[in-house]
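Engineer: So that we are looking at the same thing, I have put the structure below in structure tokens.
The values are calculated or read from the model by the stated rules, or taken from the named source; none is laboratory data. Predicted model only: the values in this text are computed from it and were never measured. Reconstructed Cβ throughout: ideal geometry from the backbone, glycine too, with neighbour counts over all protein chains shown. Areas reflect the complete protein model, heavy atoms only, side chains present, ligands, DNA and RNA absent. Shrake-Rupley method; radii C 1.70, N 1.55, O 1.52, S 1.80 Å.
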Amino acid sequence: MTDGVVAADAAGLRRAAELLRQESVCAFPTETVYGLGAHAFSAKAVAEVYRLKQRPSWNPLIVHVASTRDARALAHEWPEAARLLAARFWPGPLSLVVERAHHLPANGGPPTVAIRVPAHPVALALLEECGLPLAAPSANRSESISPTTAEHVIRSLPDVPLVLDGGPCRLGIESTVVDVTVSPPRLLRPGALSLRAIREVVGELQLPDASPVPSDGVQSPVRSPGLAHRHYAPRASLHLVDDPAELAAWAEDAEAGTIGILTHRSTAPRGVQVELLSADPLEYAADLYAALHRLDDAGVATILAQTPPAGDDWLAVHDRLARASAS
Ligand code: AMP
Ligand code: MG
């Protein structure tokens, strides 16, 4: 059972580190979302993550470490792109997929490992205190909305042994995942770090849909297993609506309290629960999950999301909304 939410002070960090060393789990803040931390190479601890999250076993975890040096120790090879990207963006919201060091237990997972150094003082202090590489997927039930506050964690995972409270997450959306085992590097998941920033460092970047269809016509398996999936979804059913007039028409016809609206346009219809988000993509992303949590709390059955603007800067937001609306 849970000890609940504790402050991320010295005593809280000590308790959290102790749990991690005992191969248990605890939730902690990062700059992206709250993670459910576990010793990344303890089969017992990792099994507990999958159990608590009800995460399908085919979806591998990102390993969090305190430094590039610690990251390299987990990799069989550290390609030039990894060196450049780590030097520029770590600590930060970029996960690098590299070949896994052969001494690491594979536990039936892929021959690669996704690694990042988080840019959050609590996450770094915890990594330091426990001295372990930490798997830390978002601290929520699989498929549901990621947590950006300690309160979100407890509500989604009431049985989590401990949550370190570090306040709301600054970025509020998951890391960008890039596979550097291929050249040019390939984007596996858009996220908090923009493609523009990554391209400035590595030049070309392959996009997920750029994968060639083999001559036998059979699509290769998804490179990032977590991608082909409904995810980030609120309880309410979410629909993307392009035309503001259509949004207004829906809102007008709806029975009171049944519809919520998520939009970046200040001309949102009145009389329904509206979450007005910023027209700036970074600010929009930072608020997105909290807004979805609030709409779920309001008990609406349907969320209508105004389609955000096009363009690379909105890629991660489009990705999350598309998967939140997948059935
Ligand atoms: P999260 O649940 O937010 O921690 O998501 C982790 C993401 O990283 C998922 O999309 C995973 O499929 C992806 N991922 C983790 N490890 C690997 C790996 N070794 N190769 C490719 N993608 C990975
Ligand atoms: Mg997640």
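Engineer: Can you give me the relative contact order of the chain as a percent, contacts being Cα pairs under 8 Å and 6 or more apart?
Structural biologist: Relative contact order of the chain: 20 percent.
Engineer: Right, another one. For segment 84-180, give the magnitude of the charge dipole about the Cα centre (Cβ charges: +1 Lys/Arg, -1 Asp/Glu; no others), in debye to the nearest 20.
Structural biologist: For this selection, approximately 180 debye.
Engineer: Here is a follow-up. How large is the charge dipole for segment 1-147, taken about the Cα centre, if only the Cβ atoms of Lys, Arg (+1) and Asp, Glu (-1) carry charge, to the nearest 20 debye?
Structural biologist: 180
Engineer: Counting each DSSP H run of 4 or more residues in the chain as -39500 (n - 2.57), what helix-only mean residue ellipticity at 222 nm follows after dividing by all residues, to the nearest 500 deg cm²/dmol?
Structural biologist: Result for the chain: -9000 deg cm²/dmol, rounded to the nearest 500.
Engineer: Please compute the per residue accessible area over the chain with all protein chains in place, 1.4 Å probe, rounded to a whole number of Å².
Structural biologist: For the chain, the solvent-accessible area averages 44 Å² per residue.
Engineer: Once the other residues with Cβ under 10 Å from the Cβ of residue 55 are scored (Lys, Arg +1; Asp, Glu -1), what is the net sum?
Structural biologist: Net local charge, residue 55 excluded: +2.
Engineer: Find out how many positive minus negative residues lie around residue 122, taking Lys and Arg as positive, Asp and Glu as negative, among other residues whose Cβ is under 15 Å from that of residue 122.
Structural biologist: So the surrounding residues net to -2.
Engineer: If you don't mind, another one. Hey, what D do you get for segment 1-138 in µm²/s if you plug the Kirkwood alpha-carbon radius into Stokes-Einstein at 4 °C and 1.567 mPa s?
Structural biologist: So the translational diffusion coefficient is about 86 µm²/s.
Engineer: Could you order peptides 140-151, 101-112 by the average number of other Cβ atoms within 10 Å of their residues, highest first?
Structural biologist: 140-151, 101-112
Engineer: Would you mind putting 13-24, 242-253, 282-293 in packing order, based on average other-beta-carbon counts within 10 Å, highest first?
Structural biologist: 282-293, 13-24, 242-253
Engineer: Take each of the peptides 65-76, 176-187, average the number of other beta-carbon atoms within 10 Å over its residues, and list them starting from the highest.
Structural biologist: Final packing ranking: 176-187, 65-76.
Engineer: If you don't mind, another one. Tell me, what % of the accessible area of segment 226-281 is carbon and sulfur with a 1.4 angstrom probe?
Structural biologist: 48
Engineer: Using +1 on the beta carbon of Lys and Arg, -1 on that of Asp and Glu, and nothing else charged, what's the dipole of the chain about the Cα centre, debye to 20?
Structural biologist: The dipole magnitude comes to about 860 debye.
Engineer: Quick check: net charge around residue 185, other residues with Cβ under 9 Å of its Cβ, Lys/Arg +1 and Asp/Glu -1?
Structural biologist: Overall, the nearby charge balance is -1.
Engineer: Along the Cα→Cβ direction, 7 angstrom out, place labels at residue 155 and residue 298. What is the inter-label distance in nm?
Structural biologist: Taking the simple label geometry, residue 155 and residue 298 are separated by 1.3 nm.
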